[in-house]
Amino acid sequence: MRYYDNVVELIGNTPLVRLRNVTEGISATVLAKVEYFNPGGSVKDRIALRMIEEAEKAGLLKPGGTIVEPTSGNTGVGLALVAQLRGYRCVFVCPDKVSEDKQNVLRAYGAEVVVCPTAVAPEDPRSYYNVSDRLAREIPGAWKPDQYSNPNNPVSHYEQTGPELWDQTGGRITHFVAGVGTGGTISGIGRYLREASGGSVKIIGADPEGSVYSGGTGRPYLVEGVGEDFWPETYDRGICDEIIEVSDKESFILTRRLAREEGLLVGGSCGMAVAAALEVARRADPDDVVVVLLPDGGRGYLSKIFNDAWMTRYGFLSSDETGATVADVL
Ligand code: PMP
């Protein structure tokens, strides 16, 4: 018999897939690290496992304990999945702008979701930040991972994802491209690859227009999971050789092309990272190997990025770009 003892054993060791169609006219090899193959469907399973293991070792999380985190998305799923198998309770705090579908995914994994008003100042006791702090203080045995300051977020990538990429490319990787949210992915992988290659691998961050990483002020953008309006501790400010700014429109158009032309149904931050990777690959040498990390799958974005009406409403698609349908012919 050949089987895994539990789904946590499936975290990591995700495949590298060559992009063949969106790379038209590019001679360098462009490979995508497809993180939706993790059991919770995103790269965040990796940090969830590592943060929980280290909290157990440090005695911060004890049997029967409760994990409290302000998260509405992928990190919550990763934490809930690992917590469930280890008997911890999860309480996630999210702002009321988060879709009911996203809240329900967390509940489906057995987590409790506390919804806070978006329209209050951060110092208001009802705010997302204050409620999660208060719950972490008041629930007995509570522990707050805090992915924005927890060193085990980048460490999980330094110790696992980075070595996977070096091994999978046989040390031939020349450029690594990833979006920056907490910065854990790029800081951990970037440091490993820089050390393993003796400094020759170029580390390139992709950032939404308006975010601080590419010199913005935190101006709003629609791509989810990347960009910030502050500098998190988990981001190593010396790690990137270059940061490429990508617009919402470019991110979403490429996200749709990845589904239609590469068979990869992925999230908007993936389209953003690929847009940056293609820019890098266009200037690269033919024998260069550009690797881009795709953080999550596209199912959570069907009513937005993959919805023509939503795309048109925001001006990302003109009505003549939505394509002819069978109904037009009949
Ligand atoms: N894309 C998505 C969809 C994410 O959820 C995240 C995590 N916030 C990222 C990209 C960026 O990863 P990191 O936090 O490691 O910078």
Subject >> Extension gain, Thr118 back to Arg137 (0.36 nm per residue minus Cα-Cα distance, nm) >> reply: 4.7 nm
Subject >> GNM top mover of Gly298, Gly64, Gly40 - the chain, alpha-carbon springs below 10 Å >> reply: Gly64
**OP:** Can you put Ser197, Ser42 in order of Cβ neighbours within 10 angstrom, beginning with the fewest?
**Re:** Ser197, Ser42
Original post:
Do you know the relative contact order of the range 68-108, to the nearest whole percent, from alpha carbon pairs under 8 angstrom that are 6+ apart?
Top reply: 54
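Within the chain, what percent of beta bridges assigned by DSSP are antiparallel, to the nearest 5?
Numbers: 5 of 36 bridges.
Expressed as a percentage, antiparallel bridges in the chain total about 15.
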Subject >> Under 21 Å, Cα to Cα: Lys pairs in the chain, sequence gap 8 or more or different chains >> reply: 11
**OP:** Please give the calculated 222 nm ellipticity per residue for the chain, where each DSSP H segment of at least 4 residues contributes -39500 (n - 2.57) and the sum is spread over every residue; nearest 500 deg cm²/dmol?
**Re:** -10000 deg cm²/dmol
Original post:
Stretch Met1-Asp241 to full length: gain in nm at 0.36 nm per residue minus the Cα-Cα span?
Top reply: 81.7 nm
Original post:
Fewest first, what order do Glu69, Glu53, Glu245 take by the number of other Cβ atoms within 10 Å?
Top reply: Glu53, Glu245, Glu69
Subject >> Radius of gyration and maximum dimension Dmax of the range 1-125, Cα, Å >> reply: 17.9, 56
Original post:
What are the chymotrypsin sites (Phe, Trp or Tyr not before Pro) within the range 1-104 that DSSP puts in a loop, where the Cβ has at most 16 other Cβ atoms within 10 Å?
Top reply: Tyr3, Tyr4
Subject >> Farthest positive-ward along the chain dipole, Cα basis, beta-carbon charges - from Ala259, Thr325, Val93 >> reply: Val93
Original post:
For the range 147-205, what is Rg from Cα atoms divided by 2.2 N^0.38 Å, rounded to two decimals?
Top reply: 1.04
Subject >> Value of relative contact order over the range 91-226, rounded to a whole percent, pairs C-alpha under 8 Å and six or more apart >> reply: 15
Original post:
Once label points are set 7 Å from the Cα along Cα→Cβ at both Asp229 and Leu60, what is their separation, rounded to one decimal in nm?
Top reply: 2.6
**OP:** Counting only C-alpha contacts under 8 Å and six or more residues apart, can you give the relative contact order of the range 249-330 as a whole percent?
**Re:** 28
Original post:
Roughly how large, in nm² to one decimal, is the mean projection of the convex hull of the alpha-carbon atoms in the range 105-213?
Top reply: 9.8
Subject >> Electrostatic dipole magnitude of the chain [Cβ: Lys, Arg +1; Asp, Glu -1; Cα centre; debye, to 20] >> reply: 580
Subject >> Shape box of the range 251-330 [Cα atoms, principal axes, largest first, Å] >> reply: 49, 25, 23
Original post:
What's the local net charge at Ser211, with K and R +1, D and E -1, over the other residues with C-beta under 11 Å away?
Top reply: -4
Original post:
At Asp167 and Lys249, where each label point lies 7 Å from the Cα along Cα→Cβ, what is the point-to-point distance in nanometres?
Top reply: 4.4
Original post:
With the radius of gyration and the Kirkwood radius both derived from the Cα set of the chain, what is their ratio Rg to Rh?
Top reply: 0.97
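Output the direction-averaged projected area (hull surface divided by four) of the convex hull of the alpha-carbon atoms of the range 187-330, in nm².
Taking a quarter of the hull surface, the average projection is 10.5 nm².
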Original post:
So if we plug the beta-carbon distance of Tyr314 and Val17 into 1/(1 + (r/R0)^6) with R0 = 25 Å, what FRET efficiency do we get, rounded to 0.05?
Top reply: 0.30
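A short reminder: the numbers here are calculations on the coordinates, not readings from a lab. As the structure is a prediction and not an experimental result, all values here were calculated from the model. Using ideal geometry, Cβ is built from the backbone for each residue, glycine included, and neighbour counts are taken over all protein chains shown.
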